[in-house]
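The structure appears below as C-alpha cells.
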C-alpha cells in the first residue's frame, strides 16, 4: 500500500487527512512541523508528502528545501486560501514542491481536496518516455508573432517562473497566461509573476470589463472563469468546464487562432490531461507556432505529450529553451500594431 507523510501544525488537519488517507488504503504518518518531518523520513519511506505552507518555526518553504535534500518524491503543498497562504505557496513550489491544493473549507469540501491530492499524486507516477524518444520539428518556424499564449497545469507556477525570467526589456507583443488554478490563488500568482518579469501582470477582468490589447501587455487568466479574447482585447466570463477545467487553454487559444491566425505563438507546459491539444492543432493548421515542454523537465508530461501526439508541436524544448524563444518572439514580432487591430 502507498504511504503518505502529512505535515501540518493543525491537529485537526492532521487528523482529518490521516483519517481520509487511511480510508483509501494508505499507510500514514502525521507530524506537526518541519523538523519532525525530517526525522520521520529516516524511519518512514513515504510515496507522498503533504505539507502545510504556513507553519511556526521551520515554515513550508524551508521544509521543502530540507526534504528535497533527502528525498525526491512528490510534495503537495496544502495551502490556506488566503492572501498570505497563497503568497508563500509560490516560493515553496519554486523551492521544489510538486504542486499544491487549497485547504478544506466552505468552498473546498474535504472529499474534493482528497480527490485533488490523489489525482495529482497519480499523475506524477505516469512514466516518462526514454530520453530522445520525443520528436517534433527540427526548428521553430520564423513567423512574426502577434500574440503569445502560454498554458500550464500541474507544476505550472514554478515552470512559469523559470520561463518568464528569460523575458527581458520592453517587448512589443502581448503575452497571455492560462494556469489551471482556483480563483483565490490567481491574484497572488499574478503579483508573483509580475515581480519576476519586472512589469505588471494583470489578472483578467470579469465581463463586461475588458483589457485592451497593448504592446507588452501580460495577462493571467482569472481562476474559475474562461479567458476570452477578440480583436479588441481580453476578458473573463463564466462558462462550462472544458477537459474538466476552467480556465481552459483550448477556450482562450481557440479564440487566439481566430483573432491572430498565423501570428499566434503557443507554449504548452507541464500538466495532466489534454487541455491545449485541440487549440495547438488549430494553431498549426493556421500557420502558427507551438512549443511544448520536454518530459525531462516537466512535473507531468500529459499536456505537452497530448500536443505532440496530435502532431501539433513545432518543437520540444526545456523551460530555458521556451523562455528564450518567447523572449525572442515577443521582441521580434509585429504585435497588434502591425496586424491592423489598433
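Just so you know, all these numbers are worked out from the coordinates, no wet-lab data involved. Worth saying up front: this structure is predicted, and the values here are computed from it rather than measured. All Cβ positions, glycine included, derive from the backbone under ideal geometry; neighbour counts span all protein chains shown.
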Any chance you could tell me what percent of the C-alpha pair distances in the stretch 147-338 go past 25 Å? 23
Of the stretch 182-196, those with amide N under 19 Å from the point 7 Å along the Cα→Cβ vector of residue 108 are 182-193
Rounded to the nearest 10 degrees, what's the angle between the helix 249-260 long axis and the longest principal axis of the chain, both from Cα atoms, 0 to 90? 10
Relative to the longest principal Cα axis of the chain, at what angle does helix 83-94 sit, 0 to 90 degrees, rounded to 10? 80
Spatial extent of the stretch 39-101: Rg and Dmax, with the Cα atoms as the point set, Å: 11.1, 35
Among 288-300, 237-249, what's the highest-first ranking by average C-beta atoms within 10 angstrom per residue? 288-300, 237-249
Just the number: Rg to Rh for the chain, Cα atoms, Kirkwood Rh, two decimals. 0.98
Taking N as the number of residues in the stretch 277-319, what value does Rg over Cα atoms divided by 2.2 N^0.38 Å take? 1.07
Just to be sure I understand: with springs between alpha-carbon atoms less than 10 Å apart, which residue in 209, 262, 281 has the highest mean-square fluctuation in the Gaussian network model of the chain? 209
Connecting every pair of Cα atoms under 10 Å apart in the chain and solving the GNM, the largest mean-square fluctuation among 255, 275, 112 falls on 112
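Based on the Kirkwood radius over alpha-carbon pairs, what is the Stokes-Einstein translational diffusion coefficient of the stretch 219-282 at 10 °C with 1.306 mPa s viscosity, in µm²/s?
In µm²/s, the coefficient is 132.
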So what is the relative contact order of the chain, in percent, for Cα pairs below 8 Å that sit 6 or more residues apart? 16
I'd like to know how the stretch 1-123 sits against the 2.2 N^0.38 Å rule of thumb: what's its Cα Rg over that expected value? 0.94
In degrees, nearest 10, the alpha-carbon axis of helix 11-23 is tilted away from the dominant principal axis of the alpha carbons of the chain by 80
When the chain is treated as a Gaussian network with springs between alpha carbons less than 10 Å apart, the largest mean-square fluctuation among 233, 57, 43 is found at 43
So what's the back-of-envelope 222 nm ellipticity for the chain, counting only DSSP H runs of four-plus at -39500 (n - 2.57) apiece and dividing by all residues, rounded to 500? -10500 deg cm²/dmol
When each pair of different Cα atoms in the stretch 175-286 is counted once in the 1/r mean, what is the Kirkwood radius in angstroms, to one decimal? 14.1
Express in whole angstrom the spacing between the alpha-carbon centres of the stretch 192-221 and the stretch 243-284. 18
Cα-based Rg (one decimal) and Dmax (whole number) for the stretch 241-342, in Å? 13.4, 41
Remind me, relative contact order of the stretch 3-124 in percent, using alpha carbon pairs under 8 angstrom and six or more residues apart? 21
Roughly how many Å is it from the Cα centre of the stretch 294-332 to that of the stretch 21-73, as a whole number? 32
